[in-house]
Amino acid sequence: MATLELVHLRKEYKRVTAVKDLSLSVADGEMLALLGESGCGKTTTLRMIAGFETPTSGKVVVDGKELGPNVPAYKRNIGIFFQNYALFPHMSVYDNVAFGLRMRRVPPEETRKRVDEALAMVRLPDLGDEYPRRLSGGQQQRVALARALVTRPQILLLDEPLSNLDAKLRVEMQVEIKRIQRELGITTIIVTHDQEEAVSLAHRVAVMRHGEIMQLGTPEEVFDHPSSPFVADFMGFQTFLRGNCQGQVGDCVAFNCSGKRVLVEKDMAVGMEAGMPAILAIRSENISVRPSKGASEGEQGIVSGVIAHKTYRGHATRLEVTGAFAESLFPSIVGRCDLSEGDEVEVELPADSICVYVEKGQDAN
Ligand code: ADP
Ligand code: MG
């Protein structure tokens, strides 16, 4: 297969810089996810790799060789599955998949063999004669995937391949894409705006914002140890507290948050020293909350508050707890939740699951 490197890649349009100085490398056989909000430059990055856009500066390197403007898209050995890159409606499934091979003048016998192989790979072996309109959304996605794979590309680019599918089909296709990618060992970039999709599919995840990479790491690194409040927010952390570092206490670092002491394990607060302003981020599922017994405040990691809002979310109940800090806490209770709005509660913030950042905002105090 192949290694892919992007070196200081940049793309300016008239009014916007879509991609700014983006560098990363994808190892042979690796699946990397580009994760970010709409407009952050994900599609533009893929289009430069595919050869549909010329970078303003920087380069795309495959197996050590630069793919410059002299290598047009059709000469790049790259399989593409783009957003809204629809199937040809007037062609059968077979002809849709065979298209790329015919363009490359692959002999008919070889074409038949490879199309059959690609359709078997996406588990649609008997649908070659059907027309796209007769297929379900999920089947159409599979045909599009077969079309991207049939040329046996060195590199596979998937741009939001699952965004048009309903929740159940999306999970099914996630499993298929992961199976095929691992089976073929094909070097892949998948673009998504869904954090769960990124962490469940990819070997590594790059979180993008405004054309730049904010963090690149394993799914566990970006999910559990986001490198900034922005990434934490994007990865689903919901509670953010302002605090002031008070230095080390035993195996922990203490923070004063609205007059209350919050302890964080040393490993989670590396580089924090007494006097530094900080932001503490906590995942909802790591905050536990129970009816107030009156006397626990002051115990390690326990503060008291009042339930201001309760929202039933089906798989979990989301609470908003006020009164403990200047900011609200947002615990999430899976299963039965007997607490009601107005209830006094005690809340536990576990020292080993709080991420800490140096507060850099203008309103730092
Ligand atoms: P994403 O795929 O992350 O949603 P895009 O790469 O499509 O983001 O777009 C990044 C930015 O570049 C957006 O602000 C978008 O409006 C702009 N953009 C993308 N393509 C063009 C183009 N052909 N001409 C001008 N601006 C563009
Ligand atoms: Mg896009």
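Where a number appears in this text, it was derived from the coordinates with a stated rule and is not lab data. Keep in mind that what you see is a predicted model, and the values were worked out from it rather than measured. Every residue, glycine among them, receives a Cβ derived from its backbone with ideal geometry; neighbour counts consider all protein chains shown.
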Straight-line reach check, K113, cutoff 23 Å on alpha carbons, 8 or more apart in-chain or any other chain, hits among lysines -> K75
Using the basic label-point model (7 angstrom from Cα toward the beta carbon), what is the H90 to E220 distance in nanometres? 5.4
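Would you mind calculating the gained length between S200 and R179 on full extension (0.36 nm times residue separation, minus the Cα-Cα distance), in nm to one decimal? Mind dumping the intermediate values first?
On the way: separation 21, 0.36 × 21 = 7.56 nm, distance 1.21 nm.
Separation in residues times 0.36 nm, less the Cα-Cα distance, equals 6.4 nm.
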Could you work out how far apart the two model spin labels at K293 and A274 are, taking each label as a point 7 Å from the Cα in the direction of the beta carbon, and quote it in nm? 3.3
Can you tell me the length gained on complete extension of the stretch R261 to R133, counting 0.36 nm per residue apart and subtracting the Cα distance? 39.9 nm
Within the stretch 40-74, whose backbone N sits under 18 Å from a point 7 Å along Cα→Cβ of V7? 48-51, 54-71
Summarise the long-distance tail of P(r) for the stretch 237-358 by giving the % of C-alpha pairs beyond 25 Å. 21
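Can you give the longest stretch of the chain with no exposed loop site, where a site means trypsin sites (Lys or Arg not before Pro) in a DSSP loop (not H, G, I, E or B) with at most 15 other C-beta atoms within 10 Å? Provide the component values of the computation, followed by the final result.
Details: sites that count: K14, R15, R104, R105, R123, K293, R313, R336, K360.
The longest such stretch corresponds to 124-292.
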Hey, what angle do you get for helix 137-149 against the long axis of the chain, alpha-carbon based, 0 to 90 degrees rounded to 10? 60
Return the Cα extents of the chain along principal axes one, two and three, sorted largest first, each rounded to a whole Å. 80, 45, 37
Excluding exposed DSSP-loop chymotrypsin sites (Phe, Trp or Tyr not before Pro) (at most 12 other C-beta within 10 Å), longest clean stretch of the chain: 86-365
The stretch 243-365, relative contact order in percent, only Cα pairs under 8 angstrom and at least six apart counted: 31
The stretch 226-297: which GluC sites (Glu not before Pro) are DSSP loop and have at most 16 other beta-carbon atoms within 10 angstrom? E273, E297
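Estimate the FRET efficiency between Y74 and T322 by the formula 1/(1 + (r/R0)^6), using the beta-carbon distance for r and 51 Å for R0, to the nearest 0.05. Before the final figure, lay out the partial values.
On the way: r = 60 Å, r/R0 = 1.17.
The formula returns an efficiency of 0.30 here.
Using alpha-carbon pairs under 8 Å, 6+ residues apart, how would you state the relative contact order of the stretch 4-229 in percent? Kindly include the intermediate steps, with their values, before the conclusion.
Details: 414 pairs, mean separation 67.1, N = 226.
After rounding, I find 30 percent.
Mind checking the dipole of the stretch 4-229: about its Cα centre, +1 per Lys or Arg Cβ, -1 per Asp or Glu Cβ, Debye to the nearest 20?
On the way: 30 positive and 30 negative charges, 172 e Å.
Computed charge dipole of the stretch 4-229: roughly 820 debye.
Using 0.36 nm times the number of residues separating E109 and T54, minus their current alpha carbon distance, what extension gain do you get? Don't skip to the answer; put the middle values down first.
Details: separation 55, 0.36 × 55 = 19.80 nm, distance 3.59 nm.
Net length gain for the segment: 16.2 nm.
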